[in-house]
Amino acid sequence: MTRRVRLLVMAVGGTGLAALLVAACFDLPRFGGDQHPYGDRVVRASLARHTANTIASVNFDQRAFDTLGEMSILFASVLGTVVLLRQTRDEHRAAPEPEQVALPVRRYALLVLPVAVLTGLYVIAHGQLSPGGGFQGGVVVATALHLLYLGADYRALERIRPVGSYEVADALAASAYLVLGLAGLVAGTAFLADFLPYGTFNTLSSGGTVPLLNAAIGMEVACAVVVLLANFLDQAVEIEKEGET
Amino acid sequence: MDDPLIVVALLLVAGSATAAVAVRDPARQALVLAVLGTVLAVLFTVLQAPDVALSQLAVGSALTPLLIMLSVRKVRRPKRREETER
Amino acid sequence: MHHLLPVLVAVPLLGATLLVTAGRHLPRAAAETVGCLFAAGTAALAIALLLNSSPPMTDWVGGWTPEGGESVGIVLVGDGPGLGMAALASLLTVAALAYSWHYFDEPPRRHAGSFPALMLLFQGGMCGFAIAGDLFDAFVFFELMSVVAYALTGHRVEEPKAVQGALSFGVLNSLGAYAMLMGIGLLYARTGELAMTKIGEGLDRHGSPDALTLAAFALVLTGLLVKAAAVPFHFWLPDAHAVAPTPVCMLLSGVMVELGAYGVWRVYRTVFSGPGGIPASDLEHALVVLGALTGLVGAVMCWYQRHIKRLLAYSTVAHMGLFLIGIGALSPEADDGVALYILSHAGVKAALFACTGALLDRYGSVDEHALHGRARELRGVAVLYVAGALSLAGLPPFGIGLGKAVLEEAVGGPLTVLFVAVSAVTAGAVLRVAARVFFGLGPRPDDESSYETTGKKEEPETRSRLSRVPDTMTAVPAVLLVLSLAMGAVPGFAAAVGHAVSGRAAPAPHWTLIGVLLGLTSTLLALGLATLAATRPKLLGDGAWTAPLRRLQSGHIGDYVAWMLAGTTLLAALALPTILNG
Amino acid sequence: MNGWTVAATAALAVGVGATVWGVATGPLRRRVVAQNLSTSLACPALLLLSEGYDRPSYVDLALLLALLGPVGTLVFARLLVEDLAADPPRTWGLTYAVAAFGAAVVIAVCVAAGPSRALVKLLVVGALLIGGNLTASRALSGGFAGSRRG
Amino acid sequence: MSVLPYLVAAWVFLVGCYGLATSRNLIHAVGCLAVCQSATYVLLLAVGYRDGATAPVFSDLKPGSRPVVDPVVQALALTDVVVGATVTAVLLALVLQISKLHGTVDPDELSELRG
């Protein structure tokens, strides 16, 4: 298809879809409206289970099955990336050149690294209380480790990052989520049921299984993102085709 | 809808999304996407969704740009070599 | 029993995590055994649940059973069709894993378990989608299934075609999923609910349909129809199915695409079928138009392929068109027919892909012209291939024949001609391949260079080119074909399927004289077409008139996206009369 | 609307609006600076919003942005180092102005918070914001690579 | 003005589709897909907004003292963000392999699959 035909088809389809969406927008309830039946029920249920952060209650208790799917998507895409970016037969690894980074940047990176890891852990730990949770904190922890690549060089990062162990930890965290779900079936009433005591409202141990599932997700996400970035970094920095110098 | 804050945040999102599409060079697009991520996080805060804003910040401000920039670097690298060989 | 519904998803996922945990130290055979065991365990569970699915089960995950009719949890629905699809997906996963036993080239270094783990994740995603009773939950598992499928399609990363096909697949399906999510957002805005039945009630409460209903309908169906490869959303399918590893093709063509059609059925039935949704006549209108287009385009493109896997992929497109017409008929009889059709089509299509995989690994080619007469020695594979082709045509007593006969009777009218023609042409194309490749019939086709993708210079998927076809690679298709024969021939089976799908609303599906005659007609037509094509290649082989159609299949992502937008518009336009009248 | 949210609106409309324009157009050296400034402007805006909505827990957002924003900029500084070396940005005036704005916002919010545990968090945010912004600017304007690259 | 958020979501989605259809670089195309996805976040959160309400996070808020926005859409958007990031990663991995094997990332120059 030539570019012109494509643009023509695109114009027809885009105009139609635009008209449809705009018409739908004017039929939507007013922005900021007061009709949220499901939302109101969720807030009540969350308070009844002593979970201060309602979003955490939705993610790890009321709609925990969605989070199971989400976690599996992350797990699958990491596994998929590992498979897709594997080292093929005509490729070899070249040791990356040591790089020198300006002192202020280096200092900044090394200083911020522990702060960022701590912040990430804090965000995970307070997931059921304040905004944040396993997903957000996990990404922060994983990103923080890559400050070593930015501030020092790739070899420094490789030293603290045995990718294999992170892969195993990723899988273990994912299975921990599943096992907790099955424990709900055995000990409680249903798969992913919240079978632990709900604790005191607005404390770290409140919410029953919510903090546990949250922690499993935090670990899973942190490890998954590390493995994901490791594969891309390998491609960008180390892996070369045979014949390239 | 009388909250100017929401209007401003929405317009910023619309503007940076349009820019992210209009900028055709992937490295420069990654810069715009990083800004889009930040602006989206601000919009989510204004819409009272701090949890989503946090994850958008975590993903949009460092992770996605890093992934895209690493891909750009990998894609560009062989070309560089050819040019120097010529 | 209903508590075990979520376990159907948890077991394969647990297997996958286990394989990744232990995969670094596990020998390959052990990893593959573990994969098979988990897949088979899930399949057994799915069948056990299926046998108990009358009356339908519902399970509220996390024990959030409704209070006063309202719940905050996610509902899973274990009825006949849902569990049937889950059981089909699980059984086919077992078959694919058995087929791929020792099949692949070296697994990625220190990742012996990665391929079976991905297959298990795929299985988990498909099961989760099949039993979802909550629209957003369906989206999540839809995405899980898609993401795994992209990775599996691109598994052979040293093949230029494989990675390109996987990317087209990925971009189109992700965009479709986002369109679906936009639709879910619109529905949530209107009704404030996510459980499908609740959304349906909410729409009804609101009154007659308006532009929002139409937009939500078009967007949600776009996502599902991209997966179901309806024209003009179908472009990714031949590109992806032609390049995916054979065991993956078996799953993609056999059940994943059909899950898209199943999703259309489920979503329409539970969300849009009330007075506040889209009237049945409009849905029928839309699905019959799209289905007929899909059937015709698929059949024509199928006939003019020489890349055997692409040919089979287009035949899947063509048959998807027939499924969509059947779903659009919205009668219990048609549902029974479609269910039988999908079940036995899955077996037959997977068997045909499996046989093609054997060709690829033995000769390093899947090009019909290049393989002319070369596979004479593979007698067993030849028999399976011909049996598969004949059953694709609807030869009684194969299950496809029965499903198609029931469907033709339910749909009736001029569409019967389309059914006969589509199955005759697709089966004729497969028979033509069999005649040329296995029997060397007719003159050797000249090898002119052409626009389209040929099947030459394909890398075998096994470690080296096989000198003989291993037993697993013939046993799996044989079993699959026997099963799909049994679906039509064992009298109780069809009745059980009918009971599971539509309860007692329709008479149990059974063979009728007209059905047998129609099946025989399309088989004879297919045989005739194949003989004619093999012996007189010039007569039917000149596809010049299809050139414009073939140029559309350009492999360009931009084209495919443009067509997708046009398709959404078309879908909305077909259902528009409702809004104008309402 | 109160004074805090009005200030946040102004910071977003003028400051972040300008950076969106800056990142979308012009030479690469302008775009990277705009990207860096977008985080250094959005972070104080988030602090102002937290105060304006009377939600101390929203400070976490600013904390995260102050941490990760400069990291994002360092990604670009590192991976675009060759393109930037040829044409380094020189916008110290603007950088210091934005840093001063950030400092002013942090001080204002601190004063409003009064001495408490929240104050510590706010000070950490302030330090990270200003330190990160300046380091990232320096890295962009050719200070990333050490002496070896020259 | 009360439809502005929805219109912005629609605009972002369409603009992303336009970019995807006209892209000359696959990495850029994957970026455009991310833009399309951000439309879904905007739509979902706009749907859940309630005038004058605040976030349903009660660590620093007395339950019942202020109206709260809909938490469900936030959980959905959160899931969606994760999905988006991972899909981007898988697609970028595929683009990397395309660039290695085809030597280009311009969709106009890819000609392996046709007809």
List, in order, the whole-Hz ³J(HN,Hα) value for each residue of segment B:3-18 obtained from phi through the Karplus relation with A = 6.51, B = -1.76, C = 1.60 and θ = phi - 60°; use x for Gly and Pro. 8, x, 4, 5, 4, 4, 4, 5, 5, 4, 4, 4, x, 6, 5, 4
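Counting only GluC sites (Glu not before Pro) that are in a DSSP loop and have at most 12 other C-beta atoms within 10 Å, tell me the longest site-free stretch of chain C.
Numbers: sites that count: C:GLU377, C:GLU448.
Counting at most 12 other Cβ atoms within 10 Å as exposed, the longest clean stretch of chain C is C:1-376.
Under unit Cβ charges (Lys, Arg +1; Asp, Glu -1), what dipole magnitude, rounded to 20 debye, does segment C:1-131 have relative to its Cα centre?
Values: 4 positive and 7 negative charges, 111 e Å.
Value, rounded to 20: 540 debye.
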With loop defined by DSSP as not H, G, I, E or B, and exposure as at most 12 other Cβ atoms within 10 Å, which is the longest segment of chain C clear of exposed trypsin sites (Lys or Arg not before Pro)? C:110-375
Which whole-number percent gives the relative contact order of segment C:288-362, counting Cα pairs below 8 Å spaced six or more residues apart? 30 percent
Across peptide C:540-550, what mean number of C-beta atoms from other chains lies inside 10 Å of a residue's C-beta? 1
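Assign unit charges at the C-beta atoms only (+1 for Lys and Arg, -1 for Asp and Glu), then state the dipole size of segment A:36-241 relative to its Cα centre in Debye, rounded to the nearest 20. Write down the numbers at each step before the final one.
Working: 13 positive and 17 negative charges, 80 e Å.
Here the size comes out at about 380 debye.
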How high is the relative contact order of chain C, given as a whole-number percent (alpha carbon pairs under 8 Å, six or more residues apart)? 15 percent
Checked against the positive end of the charge dipole of segment D:1-115 (+1 on Cβ of Lys and Arg, -1 on Cβ of Asp and Glu, about the Cα centre), the farthest of D:ALA24, D:ASN2, D:ALA13 is D:ALA24
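For every helix of n ≥ 4 consecutive DSSP H residues, a contribution of -39,500 (n - 2.57) applies; sum these over chain C, divide by its total residues, and give [θ] at 222 nm rounded to the nearest 500 deg cm²/dmol.
Numbers: 24 runs with 401 residues, N = 582.
Using -39500 (n - 2.57) per qualifying helix, the result is -23000 deg cm²/dmol.
Relative contact order, percent, of segment A:36-241 when contacts are C-alpha pairs under 8 Å separated by at least 6 residues? Kindly include the intermediate steps, with their values, before the conclusion.
Working: 303 pairs, mean separation 64.7, N = 206.
Computed over segment A:36-241, the figure is 31 percent.
What does the highest-first list of C:212-224, A:47-59 look like by mean Cβ count within 10 Å? Each step should come with its number before you reach the end.
On the way: C:212-224: 28.1, A:47-59: 25.7.
Ranking, from highest mean packing down: C:212-224, A:47-59.
For a quick check of your reading of the filter: which trypsin sites (Lys or Arg not before Pro) in segment D:1-46 sit in a DSSP loop and have no more than 11 other Cβ atoms within 10 Å? If you can, show how the numbers build up before the last one.
Working: sites: D:ARG29, D:ARG30, D:ARG31; in loops: none.
Nothing satisfies the criteria.
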Global form of segment B:4-81, assessed from the alpha-carbon gyration tensor, a/c cut-off 1.5: oblate
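Just to be sure I understand: if I project the alpha-carbon convex hull of the protein assembly as shown onto a plane and average over all orientations, what area do I get in nm²?
On the way: hull surface 162.2 nm².
About 40.5 nm², averaged over all directions.
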Hey, which aspartates and glutamates would be in cross-link range of E:LYS62, C-alpha to C-alpha under 14 Å, not counting anything within fewer than 8 residues on its own chain? D:ASP54
Averaged over the residues of A:110-122, the number of partner chain Cβ atoms within 10 Å of each residue's own Cβ comes to 3
For the protein assembly as shown, what is the percent of antiparallel DSSP beta bridges, rounded to the nearest 5? 95 percent
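Given charges of +1 on the Cβ of Lys and Arg and -1 on the Cβ of Asp and Glu, with all other atoms neutral, how large is the dipole of chain C about its Cα centre, in debye to the nearest 20? Mind dumping the intermediate values first?
Details: 34 positive and 39 negative charges, 332 e Å.
Charge dipole, chain C, about its Cα centre: 1600 debye, nearest 20.
What is the sum of charges around A:GLU220, taking Lys and Arg as +1, Asp and Glu as -1, for the other residues whose C-beta is under 12 Å from the C-beta of A:GLU220? Walk me through the numbers on the way to the answer.
Numbers: positive: none; negative: A:GLU70, A:GLU167, A:ASP170.
Charge balance near A:GLU220 sits at -3.
Most exposed first by the Cβ proxy, i.e. fewest other Cβ within 10 Å, how do C:CYS36, A:CYS25, C:CYS355 rank? Write down the numbers at each step before the final one.
Details: C:CYS36 20, A:CYS25 25, C:CYS355 35.
Ranked by crowding around the Cβ, least crowded first: C:CYS36, A:CYS25, C:CYS355.
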Proxy exposure order for C:HIS241, C:HIS285 (fewest C-beta within 10 Å first) is C:HIS285, C:HIS241
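So which of A:LYS241/C:LYS161; A:LYS241/C:LYS227; B:LYS74/C:LYS161; C:LYS227/E:LYS100; C:LYS227/C:LYS349; C:LYS161/C:LYS538 end up more than 26 Å apart, counting from Cα to Cα? The partial results should precede the final answer.
On the way: A:LYS241/C:LYS161 19 Å; A:LYS241/C:LYS227 36 Å; B:LYS74/C:LYS161 20 Å; C:LYS227/E:LYS100 28 Å; C:LYS227/C:LYS349 17 Å; C:LYS161/C:LYS538 29 Å.
With Cα atoms farther than 26 Å apart: A:LYS241/C:LYS227; C:LYS227/E:LYS100; C:LYS161/C:LYS538.
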Going by how many other beta carbons lie within 10 Å of each one, how would you line up C:SER467, C:SER522, C:SER365, fewest first? C:SER467, C:SER365, C:SER522
Inside 10 Å of the C-beta atoms of C:202-212, what's the mean count of C-beta atoms belonging to other chains? 2
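Just so you know, all these numbers are worked out from the coordinates, no wet-lab data involved. No experiment lies behind these values; they were computed from the predicted model shown. For neighbour counting, all protein chains shown are included, and Cβ atoms are generated from backbone atoms with ideal geometry for every residue, glycine included.
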